[in-house]
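So the structure is just underneath, and the comments pick up after that.
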Amino acid sequence: MTQSLCLPTVYLNGEYLPLESAKISPLDRGFIFGDGVYEVIPYYDGRGLRAREHLVRLQHSMDELYIQNPYSVAQWETVLAELIVRNGGGNLAVYIQVTRGVAKRDFAPPVGVAPTVFLMANPLPTPKPEIYANGISAVSLDDNRWLKCHVKSTALLGAVLLKHESNLLGGDEAIMFRDGYLTESSASNIAIVKNGVILCPPMDNLILGGITYILMIELARKASMPIEIRRVSRKEVRTADEIWIMSSTKEVVPIVTLDGKSVGASIDAGKPGPVFKRMLQLFHDYKRSLPAAGSLAKAAE
Ligand code: PDD
């Protein structure tokens, strides 16, 4: 990988080193089985957005996979802070990848093997103004991933293929349904707006409980915006006034075309809607209020 794709200093198993020097065994279970978990934490001017919540979700993912967390929260925070400084601060997406480690190939998880820990800090490209102004397109696809989508696993082939299929069908993103109900996109959560009410699928095992999603729900409630967390049918999505996707790398982005048809019924169909614009404003206000770099612990209190 070249430096243009990734900033130079990474962290691997206790060492900070140039990306080119970071080497992992081909017997790593992350490579052999996709046997690992990950997190993506956004940093703005070196300030983490809900970094503590990402670390809590990392713990939950490891618990689900019976992987012992090699670090305490304080140790993770130290590594994160150091990596950000070594990569010059600014706007970064920090990836934490933890696998079950290196072992002879065997389906049964090995005992007493240290997990592999890898972190990299990529530039965080926040959406361009034209994305906010014009929105993006999506296609509906059946969600054929496994039934533990609440685990942020590195085994992402289902999501990779769904993303690819949505692109082959001419969409920017996939909007996925299981048994006739909305789940999420391949790497983002989804909310729709119907008659002024924001409708959000529940955070069960069928979706990842997104940190951005939870934040948006909190911000909407604080601003007294009508919001319901419940199952959302395919028909409701098809007739939605607005559809948005949300994630740590995308923030919140409006979907304005679904399966080749404009989203919304009013004269503003096919354009980002008013509830999206309000939510985007609330999100940007929240970002501006983030505590200064170095006060991760305070931010979580
Ligand atoms: N994706 N759902 C899925 C399937 C995701 O992969 C993600 C995040 C989200 C949103 O979660 P959060 O708000 O915590 O980022 C929802 C990340 C960005 C990725 O895999 O690169």
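Taking Val117, is it surrounded by fewer than 16 Cβ atoms within 10 Å (Cβ to Cβ), at pLDDT 95 or above and within 30 Å of Tyr16 (Cα to Cα)? In short, no.
Within the stretch 94-111, track down each residue that is at negative phi and either crowded, with 23+ Cβ neighbours inside 10 Å or not assigned by TED's automatic domain parsing to the domain that holds Trp76 (or both). I'd like the intermediate steps shown before the answer.
To start, the set of residues in the stretch 94-111 that are at negative phi comprises 94-100, 102-111.
Once the filter is applied, which keeps residues that are at negative phi and either crowded, with 23+ Cβ neighbours inside 10 Å or not assigned by TED's automatic domain parsing to the domain that holds Trp76 (or both), the stretch 94-111 yields Val94, Ile96, Val98, Thr99, Arg100.
Quick check: is even one residue across the stretch 129-136 within 13 Å of the ligand (Cβ to nearest atom) and either modelled with pLDDT of 95 or more or crowded, with 16+ Cβ neighbours inside 10 Å (or both)? No, the conditions are met nowhere in the stretch 129-136.
Every residue, every condition in (1) among the hydroxyl-bearing types (Ser, Thr, Tyr); (2) within 16 Å of the ligand (Cβ to nearest atom); (3) under 19 Å from Arg50 (Cα atoms); (4) touching a Pro at 6+ places or on another chain (Cβ under 7 Å), yes or no:
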| position | (1), (2), (3), (4) |
| --- | --- |
| Ala187 | no, yes, yes, no |
| Val193 | no, no, no, no |
| Cys200 | no, yes, no, no |
| Asn205 | no, yes, no, no |
| Gly210 | no, yes, yes, no |
| Ser224 | yes, no, no, no |
| Glu228 | no, no, no, no |
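The C-beta contact set for the stretch 213-235 (first residue closer than 18 Å to Pro274 by Cβ, second residue within 15 Å of the ligand (Cβ to nearest atom) and β-branched (Val, Ile, Thr), distance under 9 angstrom, 6+ apart or interchain) comprises Met216/Val252; Ile227/Ile217. Quick check: anything in the stretch 209-228 farther than 26 Å from Pro127 by Cα, buried (at least 22 other Cβ atoms within 10 Å of the Cβ), under 21 Å from the mean Cα position of the chain (by Cα) and in the same structural domain as Ile175 (by TED's automatic domain parsing)? For the stretch 209-228, residues farther than 26 Å from Pro127 by Cα, buried (at least 22 other Cβ atoms within 10 Å of the Cβ), under 21 Å from the mean Cα position of the chain (by Cα) and in the same structural domain as Ile175 (by TED's automatic domain parsing): absent. Pairs meeting the criteria (first residue in the stretch 19-48 and closer than 28 Å to Lys148 by Cβ, second residue modelled with pLDDT under 95 and part of a helix (DSSP H, G or I), beta carbons under 6 Å, at least 6 apart or on different chains) are Gly48/Leu296.
Given the conditions (1) surrounded by 19 or more Cβ atoms within 10 Å (Cβ to Cβ); (2) outside the structural domain of Asp28 (by TED's automatic domain parsing); (3) out of contact with any helix residue (DSSP H, G or I) (no Cβ under 8 Å at 6 or more places or on another chain), report the number of the one that Asp142 does not fulfil. Going through (1) surrounded by 19 or more Cβ atoms within 10 Å (Cβ to Cβ); (2) outside the structural domain of Asp28 (by TED's automatic domain parsing); (3) out of contact with any helix residue (DSSP H, G or I) (no Cβ under 8 Å at 6 or more places or on another chain) one by one, Asp142 breaks only (1).
Being in contact with a strand residue (DSSP E or B) (Cβ under 9 Å, 6 or more places away or on another chain) and of a type in the set (Val, Ile, Thr) is the filter; apply it to the stretch 52-95 and report the residue that is nearest to Ile211 (Cα to Cα). Result: Val94.
In the stretch 238-246, the condition of being part of a strand (DSSP E or B) and in contact (Cβ under 8 Å) with a residue 60 or more places away in the chain is met by at least one residue.
The values are calculated or read from the model by the stated rules, or taken from the named source; none is laboratory data. These figures come from a predicted structure and were not determined experimentally. With ideal geometry, Cβ positions are generated from the backbone for all residues, glycine too; neighbour counts draw on all protein chains shown.
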